[in-house]
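> This is the structure I have questions about; it appears just below.
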Amino acid sequence: MADDDRTTQRRPDPDALLALAGKDGRGKLTVFLGAAPGVGKTYAMLARARRLRADGVDLVIGLVETHGRSETAALLDGLDVLPRMRVPHRGRMLEEFDLDAALARRPHIVIVDELAHSNPEACRHPKRYQDIEELLGAGIHVWTALNIQHLESLGDLVADITGVIVRERVPDVVLKRADEVLLVDLPPSELIERLKEGKVYLPENAGRAADRFFRLGNLTALRELALRRTADRVDDQMVDYLKQNAIEGPWASGERMIVCVGADTLSEKVVRVASRLASGLNAPWIVVSVERADREAEGRAGIEQIERIFRLAEQLGGETRRVIGTDFVEEILKLARREHATQIVIGAPRGKGWGRSWSKGERPFWSQSLPDALASRASGLGIHLVTGDREEVRASKSIRRLPVLSRAGLIQAALVAVPLVTLATGTGVAIDRIMHLPNISLLFLLAVLGAAVTAGYAAALIAVILSALCYNFFFIAPFYTFTIAAPHEVFALIVFFAVAVIAGGFASRIQEQAETARVRATALQSLYDFSRRLAGTEKAEDAIWAAVSQMQASLRRNVVLLTPEGADLKIAAAWPPDTELDVTDMTAARWAQDKQEKAGHGTGTLPNSRFEFRPLSSPHGVVGVCGVEQTTERLDVNAERALAAILDQTALAIDRARLSEASVAQAARLEGERYRDALLSSISHDLRTPLATITGSVTSLRQLGDRMSPESRDDLLQSIEEEGSRMSRFVANLLDMTRIEAGTLKAKRDWVDVADVVQTAVERTRKYFPGRIIETGIASDLPLIEGDSVLLGQVLFNLLDNAVKYGGDEPINVYARRDDQDVLISVTDLGKGIPPDDIDRVFEKFYRRGKPDGRAPGTGLGLSIARGFIEAMGGRIHAESPAVKKRGTRIVMRFATTTAPTRTPGGPSTSGRPA
Amino acid sequence: MTQARILVVDDEPQIQRFLKPALSAAGYDVIEAATGAEALKAVATAAPDLVILDLGLPDMDGKDVIASLRGWSTIPIVILSARDRESEKIAALDLGADDYVEKPFGIGELTARIRSALRHRGKAETAPTVMVADDLTIDTVRRLVSRNGEPIRLTPKEYDLLTLLGRHAGRVVTHKTLLTSAWGPAHGEDLHYLRVFIGQLRQKIERDPTRPTIVRTEPGVGYRLVVD
């Protein structure tokens, strides 16, 4: 310690500065502390408020109880008072502080009287100090008033002094964290005077209790407590100031306290005493409970008791720790060394014998008591014993033993023990008939061990007692009585009894350990299975459902899991699946998400929600909120552990799934970009090649034309013409495609003579590709179809153009025939055909056979334009490959003709059909 | 002067169709190849004096053709390429191509590039001792740069850059070549150095540094020294 002081000499203590920095942005809490009601806290608060208001400070009265005192009420004049909120409570309407109104109003300072007040159920927080905490968190300064008897750590003292048990208590930390504490003081005699004058408000039904309370002795004691507390605080502030400003001084007591608690009622007293001691020593303190590693903690009642004590300790400003180990003394000393503790506080029951041995954890009864053991093994530590009386210890003993010796347990144990002992007796009697066995008691030992192993310690004890009786009755002379003749037989019975108890104890311990191990292994296995299942999920949804079913299975509670959607939370999964959340539940869930802390049932925020909500925290923030429906039974330690593990894993799994979804989307975007790049480069190539030819040819003609032969000049001119028309076709295709995509393509609904259109398209193709053989086969009974002859002609030309490009030098066939009510038109080439994998993609835009860099002939638009046009006409189009003899491609178009009129000469579009 | 023989490698028949008569009329002997393999074979057997190479070939990448050729031949290579394949163009130049022409191109531009490439054939690394560009004279023997007889003071780095461009006069020199020659291989990507120094050089040698006529920018590729 001294070394430390020297090294940090003249430098501000970093912890002190951190604590200061943590307060930035938070509102400041000012507490007006009084010894008793009526000392004038509210009056002092309002008088000060008026002064600030006069200076123009934005100050609002959140809630002030004037209790009908006219002088106080007069002070309210001219101050902003927030309207109160009306809250239903047990059939009555209560007027309460409107937290949300205050938050919305955002004043510089808000005054909220009576820090110790409890809110009715419908409010967000059960306690007013939690409301105030929220106000401070929002950066609003708060003034409030408190009477000293409401302070948690003084609860038992006040009860001792005044005989009145105060129900509404405020955790010490609230006062400790207050930025300013103003003591409002009034001598007790004056207060009693005021009371007599009727200036102090008293509820009517509390008349007699109040009479007892307002006695000179009580008031003086309370006044001392209030003065002392304030003085402690001033002292703390002095120390803080010294530390922050690196002023050396005799400040640091350097004390640290370890407070040992167990599942007994004495522990509560231990914690309160320790907290007072700690505040006197100005020492941080850690409350520790040691659990046996090889044993399921303490039973349900024990766990709840320890949790109550931990909550109390936290409210009093202590830290809490759970330690697992077998050697209690060693574990406590280890923690003390690790935490550099200087003091240990422990409860020492006043009773002797059994009760004493059970008071701290479970130890064989022959060892020394825990405080004694600690005292003998700890060196250099101060040990404080907090003594309790018999009743407290007895209560603790019953808490410990109850779960083991419940009625059902007893019956079960007896059901195992009785038959075993009967069997042993029967066997013994049978053997005894045949021969004389000197140590027949071993048979009973066997029965005891059997009972211990199968049904535990209780069964073993029952078996021991029964065995001793039976042994005596059947095998110790005089037989068939419980009397014993020979003195050595008495000795033998006693030895048997002792051996049986010890052996039974050990055997049952082994059985319990095995059972514990099995339960743990099952829990672990289930968690392991769950994590494997999670690892297999790819989507966040799957992880969420897996988590919900796992939680439902292992907790046997209704659960609901919410995930953020946009700005709000939505139920992602729930058990039962039709779970609905009301406004309170949703508000609690949002609270859990925003503040990253538990909310809802059993917490300080919206405890009247059915669910307890916990945030699912991942490395990238809160990914969801899990609600577990709470019943009257709290979750035990194991369930809590399992829940925490499940939530952690789920959060990670959701996080991972979200990331992988994001990366898939990213990959898709990249793929899209690559596709667009390929597209652009293909279009630019298709446009540039003819342009390059034209530009090159024109410049060649201009600059070198006179040096060329006439044939060369003609050829260049012809190539210019051809490339020009190639480009114009491509541009037309692009425009068609744009029209299809933009949805502006309007197909006409005329009667179309298919034969006519086919002939025209074939003629046009022949003109472009004079060398190619195109065969047509058109049925003579073709009906008219409804459509657009120009579009159909364009489609046929595109198909023929493709057939020429991909069909090699083989002939191309165009057929048109009737198929039931439909008209089928097909274009078939005998080229290489389309690979089966691609047959569905050929109608996609810019698909082309050939190299992936888009350097195949053609634009990759023909077929997609064909599909666009055909569908605009109400027809269908598909590709078949191979078409003929494992070769070739056939594109088939199908048009319905149901409403077509019969074709008559002189009817619409019948002109010029060749025979 | 014997006719220079030019190998035109392009898979587009339309391009071949006009290049052949045009280049013949310009006084060259033209042979054709439609694929990379054909091109390599033609260089080996027909001994052309220059290759005009389209980068997009059906059988192999044009860059691979250059790499293969440069393994055993110093034949000048002029690339035909499209503007949207800038990175390919630079890669091709870095692989050893001599120059490039962007499609679509006029025949005059192509023949100018051909002439420039042929001129440097076989003496790629030895520039003439005196170069004249516009009214600027670069005398590499006396290490003197002057405009209209007025000497211009250049820093050693600027002089290095200028002579490097001069050695490839009329042809494009890529950023990477300039950077690695002037600053060393570690600085191949430090384009901003180059911009600064070229800017300074232009301030000193150009008549109007905002509209440079001697050191021309080839956007995205490099610089070109235009000589008379």
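The values are calculated or read from the model by the stated rules, or taken from the named source; none is laboratory data. Owing to the predicted nature of the structure, the values given are computational and were not obtained by experimental measurement. No Cβ is skipped: glycine too gets one built from the backbone with ideal geometry, and neighbour counts run over all protein chains shown. The area values use the complete protein model at the heavy-atom level, side chains included, leaving out ligands, DNA and RNA. Shrake-Rupley method; radii C 1.70, N 1.55, O 1.52, S 1.80 Å.
> Could you check A:Glu633 against (1) over 30 Å from A:Gly302 (Cα atoms); (2) exposed (fewer than 14 other Cβ atoms within 10 Å of the Cβ) and say which number it fails?
Unmet for A:Glu633, out of (1) over 30 Å from A:Gly302 (Cα atoms); (2) exposed (fewer than 14 other Cβ atoms within 10 Å of the Cβ): (1).
> A further question follows. Suppose we keep only residues that are of a type in the set (A, V, I, L, M) and over 19 Å from the mean Cα position of the chain (by Cα) within region A:514-550. Which one would you say is farthest from A:Ser617 (Cα to Cα)? Explain how you work it out, then say what you get.
Our first condition is that a residue be of a type in the set (A, V, I, L, M); within region A:514-550, this holds for A:514, A:517, A:519, A:521, A:523-524, A:527, A:534-535, A:540, A:543-544, A:546-548.
From what is left, the residues that are over 19 Å from the mean Cα position of the chain (by Cα) are A:514, A:517, A:519, A:521, A:523-524.
Numbers: A:Ala514: 35, A:Ala517: 30, A:Val519: 28, A:Ala521: 27, A:Ala523: 23, A:Leu524: 22 Å.
The extreme case among them is A:Ala514.
> If you check A:Glu71 against the conditions, is it closer than 25 Å to A:Glu197 by Cβ, under 42 Å from the mean Cα position of the chain (by Cα), open to solvent by 30 Å² or more (accessible area, probe 1.4 Å) and at pLDDT 75 or above?
Values: closer than 25 Å to A:Glu197 by Cβ: yes; under 42 Å from the mean Cα position of the chain (by Cα): no; open to solvent by 30 Å² or more (accessible area, probe 1.4 Å): yes; at pLDDT 75 or above: yes.
Criteria not met by A:Glu71.
> Could you count how many residues in region B:131-158 are in a loop (DSSP other than H, G, I, E, B) and touching a residue at least 60 places away in the same chain (Cβ under 8 Å)? Working first, answer last.
If we filter region B:131-158 for residues that are in a loop (DSSP other than H, G, I, E, B), which is where we start, we get B:134-135, B:140-143, B:148-149, B:152-155.
Keeping just the survivors that are touching a residue at least 60 places away in the same chain (Cβ under 8 Å) gives B:134-135.
Residues flagged as in a loop (DSSP other than H, G, I, E, B) and touching a residue at least 60 places away in the same chain (Cβ under 8 Å) within region B:131-158 amount to 2.
Listed here are the residues, each with its yes/no results for (1) open to solvent by 30 Å² or more (accessible area, probe 1.4 Å); (2) within 14 Å of another protein chain (Cβ to nearest Cβ); (3) over 20 Å from A:Val698 (Cβ atoms).
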residue: B:Trp72; (1), (2), (3): yes, no, yes
residue: B:Leu80; (1), (2), (3): no, yes, no
residue: B:Ser87; (1), (2), (3): yes, yes, yes
residue: B:Leu95; (1), (2), (3): yes, no, yes
residue: B:Lys103; (1), (2), (3): no, yes, no
residue: B:Gly108; (1), (2), (3): no, yes, no
residue: B:Thr111; (1), (2), (3): no, yes, no
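> Going by what's in this entry, would B:Pro48 be described as farther than 24 Å from B:Ala169 by Cβ and either out of contact with any strand residue (DSSP E or B) (no Cβ under 6 Å at 6 or more places or on another chain) or more than 14 Å from every other protein chain (Cβ to nearest Cβ) (or both)?
Details: farther than 24 Å from B:Ala169 by Cβ: no; either out of contact with any strand residue (DSSP E or B) (no Cβ under 6 Å at 6 or more places or on another chain) or more than 14 Å from every other protein chain (Cβ to nearest Cβ) (or both): yes.
Answer is no for this residue.
> Have a look at A:Arg128, A:Arg124, A:Arg105, A:Arg90 and point out the one that is under 31 Å from the mean Cα position of the chain (by Cα) and more than 23 Å from A:Ala589 (Cβ to Cβ). Talk me through it step by step, then tell me what you get.
Values: A:Arg124 fails: more than 23 Å from A:Ala589 (Cβ to Cβ); A:Arg105 fails: under 31 Å from the mean Cα position of the chain (by Cα); A:Arg90 fails: under 31 Å from the mean Cα position of the chain (by Cα).
Every option except A:Arg128 fails the conditions.
> Mind listing whichever residues of region B:28-39 are surrounded by 19 or more Cβ atoms within 10 Å (Cβ to Cβ) and either part of a helix (DSSP H, G or I) or of a type in the set (Ser, Thr, Tyr) (or both)?
Passing the criteria: B:Tyr28, B:Gly36, B:Ala39.
> Same structure again: Restricting attention to region B:2-26, and to residues there that are open to solvent by 30 Å² or more (accessible area, probe 1.4 Å) and either farther than 21 Å from B:Tyr100 by Cβ or over 21 Å from the mean Cα position of the chain (by Cα) (or both), which single residue is nearest to the other protein chains (Cβ to nearest Cβ)?
This residue is B:Arg17.
> If you check A:Ala644 against the conditions, is it in contact with a Gly (Cβ under 8 Å, 6 or more places away or on another chain) and at pLDDT below 90?
Working: in contact with a Gly (Cβ under 8 Å, 6 or more places away or on another chain): no; at pLDDT below 90: yes.
No: the conditions fail for A:Ala644.
> Could you tell me which residue of region A:224-253 is modelled with the lowest pLDDT, considering only residues that are open to solvent by less than 30 Å² (accessible area, probe 1.4 Å) and out of contact with any strand residue (DSSP E or B) (no Cβ under 7 Å at 6 or more places or on another chain)?
Looking at the filtered set, the residue picked out is A:Ala246.
> Whether any residue in region A:722-734 is facing chain B (nearest Cβ under 8 Å), over 30 Å from A:Ala546 (Cα atoms) and either touching a helix residue (DSSP H, G or I) at 6+ places or on another chain (Cβ under 7 Å) or open to solvent by less than 50 Å² (accessible area, probe 1.4 Å) (or both) is what I want to check.
yes
> While we're here: Every residue in region A:433-466 that is in a helix (DSSP H, G or I) and open to solvent by less than 10 Å² (accessible area, probe 1.4 Å), please.
First, the residues of region A:433-466 that are in a helix (DSSP H, G or I): A:433-434, A:441-455, A:457-466.
Within region A:433-466, A:Phe444, A:Ala447, A:Val448, A:Ala451, A:Ala452, A:Ala459, A:Ala460, A:Ala463, A:Val464 qualify.
> Oh, and also: Given the conditions (1) facing chain B (nearest Cβ under 8 Å); (2) open to solvent by less than 40 Å² (accessible area, probe 1.4 Å); (3) under 60 Å from the mean Cα position of the chain (by Cα), which single one is not true for A:Ser700?
A:Ser700 satisfies every listed condition except (3).
> Quick one: in region A:735-754, of everything that is of a type in the set (Gly, Ala, Ser) and surrounded by fewer than 19 Cβ atoms within 10 Å (Cβ to Cβ), which residue is farthest from the other protein chains (Cβ to nearest Cβ)? Steps first, answer last, please.
Initial filter on region A:735-754 (of a type in the set (Gly, Ala, Ser)): A:742-743, A:747.
After this cut, where a residue has to be surrounded by fewer than 19 Cβ atoms within 10 Å (Cβ to Cβ) as well, the list is A:742-743.
On the way: A:Ala742: 25, A:Gly743: 30 Å.
Selected residue: A:Gly743.
> Between a first residue in region A:180-209 that is within 17 Å of A:Ile148 (Cα to Cα) and a second residue that is of a type in the set (S, T, N, Q) and modelled with pLDDT of 75 or more, which pairs have beta carbons less than 7 Å apart while being 6 or more apart in sequence or on different chains?
Listed by first residue and then by second, the contacts come to A:Glu180/A:Thr30; A:Val181/A:Thr230; A:Leu182/A:Thr30; A:Leu183/A:Thr230; A:Pro188/A:Thr220.
> What number of residues in region B:91-108 are farther than 18 Å from B:Thr217 by Cα and among the β-branched types (Val, Ile, Thr)?
Here the count works out to 1.
> Take the conditions more than 60 Å from the chain's Cα centre (by Cα), within 14 Å of chain B (Cβ to nearest Cβ) and among the basic types (Lys, Arg) and apply them to A:Arg707. Does it pass?
So A:Arg707 passes the test.
> For A:Glu612, state whether it is farther than 24 Å from A:Gln525 by Cα, in contact with a strand residue (DSSP E or B) (Cβ under 6 Å, 6 or more places away or on another chain) and in contact (Cβ under 8 Å) with a residue 40 or more places away in the chain.
Working: farther than 24 Å from A:Gln525 by Cα: yes; in contact with a strand residue (DSSP E or B) (Cβ under 6 Å, 6 or more places away or on another chain): yes; in contact (Cβ under 8 Å) with a residue 40 or more places away in the chain: no.
When the stated conditions are applied, A:Glu612 does not pass them.
Conditions tested, residue by residue: (1) surrounded by 19 or more Cβ atoms within 10 Å (Cβ to Cβ); (2) of a type in the set (A, V, I, L, M).
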position: A:Ala573; (1), (2): yes, yes
position: A:Val583; (1), (2): no, yes
position: A:Lys595; (1), (2): no, no
position: A:Gly604; (1), (2): no, no
position: A:Gly627; (1), (2): yes, no
position: A:Arg641; (1), (2): no, no
position: A:Leu670; (1), (2): no, yes
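> Test A:Gly777 against the stated conditions and say whether it is touching a strand residue (DSSP E or B) at 6+ places or on another chain (Cβ under 9 Å) and in a strand (DSSP E or B). Explain how you work it out, then say what you get.
Working: touching a strand residue (DSSP E or B) at 6+ places or on another chain (Cβ under 9 Å): yes; in a strand (DSSP E or B): yes.
Yes: the conditions hold for A:Gly777.
> Separate question: Regarding A:Pro690, is this residue open to solvent by 50 Å² or more (accessible area, probe 1.4 Å) and either within 14 Å of chain B (Cβ to nearest Cβ) or out of contact with any Lys or Arg (no Cβ under 7 Å at 6 or more places or on another chain) (or both)? Full working, then the answer.
Numbers: open to solvent by 50 Å² or more (accessible area, probe 1.4 Å): no; either within 14 Å of chain B (Cβ to nearest Cβ) or out of contact with any Lys or Arg (no Cβ under 7 Å at 6 or more places or on another chain) (or both): yes.
No: the conditions fail for A:Pro690.
> Still on this structure: Give just the number: which of (1) at the interface with chain A (Cβ under 9 Å from one of its Cβ atoms); (2) crowded, with 17+ Cβ neighbours inside 10 Å; (3) touching a strand residue (DSSP E or B) at 6+ places or on another chain (Cβ under 8 Å) does B:Gly56 not satisfy?
Condition (3) is where B:Gly56 drops out.
> Looking at the structure I just gave you, is A:Leu186 among the hydrophobic types (A, V, I, L, M, F, W, C), at pLDDT 85 or above, within 12 Å of A:Ala35 (Cα to Cα) and surrounded by 21 or more Cβ atoms within 10 Å (Cβ to Cβ)? Lay out the reasoning, then the answer.
Working: among the hydrophobic types (A, V, I, L, M, F, W, C): yes; at pLDDT 85 or above: yes; within 12 Å of A:Ala35 (Cα to Cα): yes; surrounded by 21 or more Cβ atoms within 10 Å (Cβ to Cβ): no.
Spelling it out, it is not the case that A:Leu186 is among the hydrophobic types (A, V, I, L, M, F, W, C), at pLDDT 85 or above, within 12 Å of A:Ala35 (Cα to Cα) and surrounded by 21 or more Cβ atoms within 10 Å (Cβ to Cβ).
> Which numbered condition trips up A:Pro836, out of (1) at pLDDT 80 or above; (2) surrounded by fewer than 21 Cβ atoms within 10 Å (Cβ to Cβ)?
Tallying (1) at pLDDT 80 or above; (2) surrounded by fewer than 21 Cβ atoms within 10 Å (Cβ to Cβ), A:Pro836 fails exactly one: (1).
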